[in-house]
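What follows draws every value from the coordinates through simple rules; no lab data is involved. These numbers come from a predicted model, not from an experiment. Please note: Cβ atoms are built from the backbone with ideal geometry, for glycine as well, and neighbour counts cover all protein chains shown.
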Amino acid sequence: MSAQPFRLARGGRIDRARPLSFTFDGRAYGGFAGDTLASALLANGVHLVGRSFKYHRPRGIYTAGLEEPNALVSLRKGDRHEPNVTATTVELFDGLEARSQNRWPSLDFDLMGAIDRFSTIFAAGFYYKTFMGPTRGAWMFYEKFIRRATGFGDPPPAPDPDCYEKGHAFCDVLVVGGGASGLAAALAAGRRGARVVLAEDGADLGGSLLSEPFGGGTDTWLGAVVGELKSLPNVRTMKRTTVFGAYDNRVFGLLERVGDHLPVPAPGQPRQRYWILRARQVVLATGMLERPIVFGNNDLPGVMLASAARCYANRHAVVPGRKAVVFTNNDTAYDAALDLAAAGVEVGVVDARNTISADLESAARQAGIALHLGCAVARANGKKRVRNVEVCAFDPVRVEIGPAKPALPCDLLLVSGGWTPTLQLLGQRGVRPRYDAKRAMLIAGNVPQGYRVAGSASGKLSLRQRVANGLREGSAAAEACGFAGSPQPALPADALPAERAMTDIAPVWAVPDPPGAGHRKKFVDLQHDVGYDDIALAVREGYESVEHLKHYTTLGMAIDQGKTSSVNGLGILAQMLGRPIAAIGTTTFRPFYRPVAIGALAGQETGLHFKPARRSPMHDWHVRHGAVFTTTGLWLRPWYYPKPGETARDAYVREAAGVRKTVGMVDVSSLGKIDVQGPDAAEFLNRVYTNAFDTLAVGKARYGVMLRPDGIVADDGTTSRLAEQHYFMTTTTLGAGKVMTFLEYLLQTAWPTLRVQLTSVTSQWAAAAVAGPRSRDLLTAVVHDVDFGNDAFPYMGVRHGHLGTIPVRLLRVSFSGEMAFEVYAPAGYGEAMWQALADAGSTFDLVVYGVEALGALRVEKGHVAGAEIEGRTTLADMGLARMASKKKPFIGSTLMQREGLVDGDRPQLVGLEAAGGDVALRAGAILCEPGRHQGHGIGFVSSVTYSSALGRHIALGFVAGGMAREGEIVDAIFPLRREVTAVRVRSPHFVDPEGTRLNA
Amino acid sequence: MPEQRSALAAVYKPGRNGAREAPASVAIFERVGRTLVQVSGWPGAFDPVCRKLETLLNCRMPASGLRAVSEGVLSIFRVGPERLWLAGPADDRMLQRLDESALGHDAVVTAIGQSRTVVRVTGTGARQLLNRGLPVDLDAAVFPVDAFAQSVIHHIPVLVHRIPIIGDDSFEIYITSDYAVSFWEWLTEAAQSFVCEIRKPE
């Protein structure tokens, strides 16, 4: 392990009592608690940390925050492997394993670096222009090679072993950013009593204050404010939490990194937590990001933002070099220069401005800093680390550069081109920033209602101004929530150290090549290897819109989102087009501000919790008795009950045969059940069903079909009249929700004067269908207070009784064509009812059957179900035209008479069976005239099964002409398997067409 | 009558849930022996129904759809403009006797007690635990005692009621019974990051 040669002997906000070890590309290094991976690497003198996206150029640590474009690394190993993490935001922990990306065979010696030599042909649009031919599928061939040659890290090899959570949070005032102005805003709002959430991306509060020298005047202020915030119970501080998205109505997406700073999350704790936060007011104290300046070889390791170097020196006690040049066009970089000089670094400043304030000049000279005013760094030189810089006289107004002077040797080049307020969240709300020429920055445009921008995000550079602004905006936000009038303690901005007056910035976007000195690459977007020349090419090719430029060159796209590149891109484009920046416009910001793991967005909703399941009251019985389940919507339903050695087919064929032979029982609790009550209930049902229900006698049930308003069949089921004004409607399992919704819609909008109350009672009742020739015997054995005789309890009769002591509702209805009864019991007694029937059933050779056998039985009988009521079929298509009452109107009664719906050539329900020996038919097969296999054919197969009653495969389907074709042979085509089966058209009623068994 | 079977019977395991050794910040348990009766009516004719209910139950009826009335063992929710849910002990004779003969023809009475499973979540972490899935602000300032909301947790329809228990935050969740197991599985997993006690049904 190395000795951290670039660690300062004192200072910083690291915990020197807690040394940590970590590896980078397999080599061991040391650091301290409080380090980031980047600061620890720099402490050990490691600058080369990655290879660039496209050209594989050596890249170093460029920033100290989440805007880092270069230092993307992979963390951890095995299933916890995580690619593309910014080393500048990784909190160091003991045992951390990090690896560089996009290099082969090693970071130091990357053979793919040869691409850089051919970079002139790999310019913007290269892929679009080169790999689109010669065939339409050519890109798919090229893509895998391109992906190997370029890109970022690899995905993890296996599912993530950690868990993630979601949560909802609420507050009066959301303060985004825990820097000076954010702390002030939270304090002001908190003091007034508002519920405040203060979200800070980092592990510590303070923002840029943490880059101030340790123990200075700002620390006193910071300690006091953080202490007071902790004492306010109405202020919730969320550290390590990024507000990544701003959505409608002040809903925000937040990512809390609960366990990212630990080797593995604490027991029971998630790795990350995704919060959906609703706020009444929001204060964006999101700060600013320092802007680079574009010049030749500006991507060399050792080139770094000035603010980053200051952060490393003051926060982490690391000097990133021994001999530094600071290239700036504004005053703020001098803070870095002065602090590095104080730390013993030899510093020179190259300032594009001709003059700076006397105070600043004096301070610099006193610190021994060499000043080069009116100059620019034209290019940096070096291979894997900056070695020297070429400095030239420079006129930032005319963008004119003089000849190169002797190179300045250095191992660190700090850059500051000004500042860019972080306005991505506002941008996500559609707010376009406007360009402030005096400050050379984009500032917030029209801020939406409920939003406020505070501190440096509003373009203020003075710390005192930022704090005062934060206090003001925090107070205003609280007042807007109704927390007004509380006495305000003295403004803590007064307690901050005095500041120097500032000299205006001189905007510099890109430094031209010195005359006669050749050309070097100048990168605008370091993350995507988008250079000055790419923008020039795009402009030459006519991409003058900033959005077109972005998408053609990839400038500012993907995870970087242009944090360090977008404004320079605008400035350069404006220069090239000869237009003011304000006339160029800006690109659109979209979530996410920072990459968010898919796992966090999914939260708990994976595996078992991917979606909820509905279970019948008898579910546990089915589990105990070996049921194999299938899903119908969200319902888990027994599919079949295999006996040892049985296949699914064996099981359902046996079950269906048992029903026809003796008696069977199936769980139908999932059927939709709607309680319909009120004086107008009969009239209501008359209007929604095609057939009449006002004539239905109390104690009787009737099969009913509902149409959609457009005349297509919507759903079917039986409805029983329990009392004069009380009906009990059943629907299909899948139709329950939509039927209930539609009926409520009709009552509330079309017929609000009808006195009808609808209540879903699907969950109130457990239901078993008992079917088969011995069903009456079975029920007679267990229900003693109901006469099951044909006269006393005829087909479609409804009775109430008791199964033992359990109150039950009994309907004599049948889906199988057998004599059958539906038995309803209150859900809490469902399993007891089922068990009682099962116990008694052994005497009658009861077979418990699942939905596969249920389907087989109804196909044999020719009953329609979901496969036939599939959103295109009419009553007449299904042979139910007689159910359309001519005495009353009903929903769909007008439009069902449309020409297209009464066309006699429409496919109509028929039975089908293979014409040449028993062959399994396929649902979805297209029916065609023999030998004429074209177009949409003349119909389709809707349902198929093996009929145990007939001993062969049968099907239902729809064919043009319907039963007029009875006996004809047509072809069933299944193109996916290239199958053609000749089938004979026949009646859909395969079993007991006369209904003898039903009425037995 | 056999005993009613809880929808949670197969998955309910009292004990501590969560890995940390610390006093439980949240307790969850099923409420048993409760019933739910729905009373509905018509616009313009529902007030008399409410007055009759007030006399029969010796309890005022809620005027708004946001705040329940809890009196003794009863909790009454106005879940629709002319629709009340009356929650109380399953053996409450008055609830059992509610029907048209007691309330008149302008009332529609529907027993729905078997359709809901009731889970209580209580403790200092109750609010946070529920907000893992519930998009409703449960802060006492905006969701005080007897406030209730009909919403969804993990895509499951629920009614959440802040019950009048002095001390920690306490809520009762009415869940459609066929979703009860999924809800319970979700709740107990969400509680993993809390120190949670699963109590015996009460």
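A few notes on this one:
- Of the residues A:50, A:480, A:287, the one whose Cα sits farthest toward the positive end of the charge dipole of the protein assembly as shown, with +1 on the Cβ of Lys and Arg and -1 on the Cβ of Asp and Glu, is A:50.
- Taking every DSSP beta bridge that has both ends in segment A:261-416, the antiparallel portion is near 40%.
- Neighbours of residue A:966, meaning other residues whose beta-carbon lies under 13 angstrom from its beta-carbon, give a summed charge of +1 when Lys and Arg score +1 and Asp and Glu score -1.
- Nearest-20 debye value, segment A:160-243 charge dipole, Cβ charges on Lys, Arg, Asp, Glu: 420
- Centroid-to-centroid separation of segment A:806-870 and segment A:359-410 [C-alpha atoms, Å]: 88
- Length-normalised contact order for segment A:638-789 - Cα pairs under 8 Å, 6+ apart - percent: 31
- Rounded, prolate or oblate (a/c below 1.5 giving rounded, otherwise prolate when a/b exceeds b/c) for segment A:572-717 by Cα gyration tensor: oblate
- Separation of the residue A:777 and residue A:21 label points, Cα + 7 Å toward Cβ, nm: 8.1
- Using the Cβ of residue A:566 as centre and a radius below 10 Å, the other residues enclosed give a net charge of +1, where K and R count +1 and D and E count -1.
- Principal-axis tilt of helix B:46-57 within chain B, Cα atoms, nearest 10 degrees: 70
- Footprinting exposure proxy for A:525, A:411 (fewest neighbouring C-beta atoms within 10 Å first): A:411, A:525
- Applying a threshold of 32 Å to the alpha-carbon distances of A:405/A:550; A:239/B:13; A:54/A:438; A:661/A:700; A:384/A:563 flags A:405/A:550; A:239/B:13; A:54/A:438 as lying beyond it.
- By the Cα gyration tensor, segment B:1-76 has an equivalent ellipsoid whose semi-axes, rounded to whole angstrom, run 37, 18, 11 from largest to smallest.
- Cα gyration tensor, chain A - rounded (a/c under 1.5), prolate or oblate: prolate
- Ordering A:745, A:127 from the fewest to the most neighbouring beta carbons within 10 Å gives A:745, A:127.
- Close amide H pairs (under 5 Å, H built 1.01 Å from N) link residue A:714 with A:706, A:707, A:708, residues at least 5 positions away or on another chain.
- Neighbourhood net charge (12 Å Cβ-Cβ; Lys/Arg +1, Asp/Glu -1) for residue A:16: +2
- Note on the protein assembly as shown: with charges restricted to the Cβ of Lys and Arg (+1) and Asp and Glu (-1), its dipole about the Cα centre is near 1740 debye.
- Comparing mean-square fluctuations of B:110, B:122, B:35 from a GNM of chain B with C-alpha springs under 10 Å, the top value falls on B:110.
- Which of A:220, A:123, A:206, positive extreme of dipole for segment A:93-225 (C-beta unit charges): A:123
- Partner chain coverage, peptide A:752-763 - average Cβ within 10 angstrom: 5
- Most simply put, the protein assembly as shown has about 75% antiparallel DSSP beta bridges, counting only bridges with both residues inside it.
- Working note: 222 nm ellipticity from helices only, DSSP H runs with n ≥ 4, each -39,500 (n - 2.57), summed and divided by the residues of chain A, gives -6000 deg cm²/dmol to the nearest 500.
- Whether segment A:889-983 is rounded, prolate or oblate, judged on the alpha carbon gyration tensor where a/c under 1.5 counts as rounded: prolate
- Backbone phi angles across segment A:409-417, fed through the Karplus curve with coefficients 6.51, -1.76 and 1.60 (θ = phi - 60°), yield HN-Hα couplings of x, 6, 10, 8, 10, 9, 10, 9, x Hz in residue order; Gly and Pro are listed as x.
- Charge dipole (debye, nearest 20) of segment A:863-939; +1 at Cβ of Lys and Arg, -1 at Cβ of Asp and Glu: 460
- Long-range amide H partners of residue A:454 with built H, under 5 Å: A:284, A:285, A:286
- Among the trypsin sites (Lys or Arg not before Pro) within segment A:848-955, those in coil by DSSP and having at most 15 neighbouring Cβ atoms inside 10 Å are A:872, A:886, A:887, A:898, A:932.
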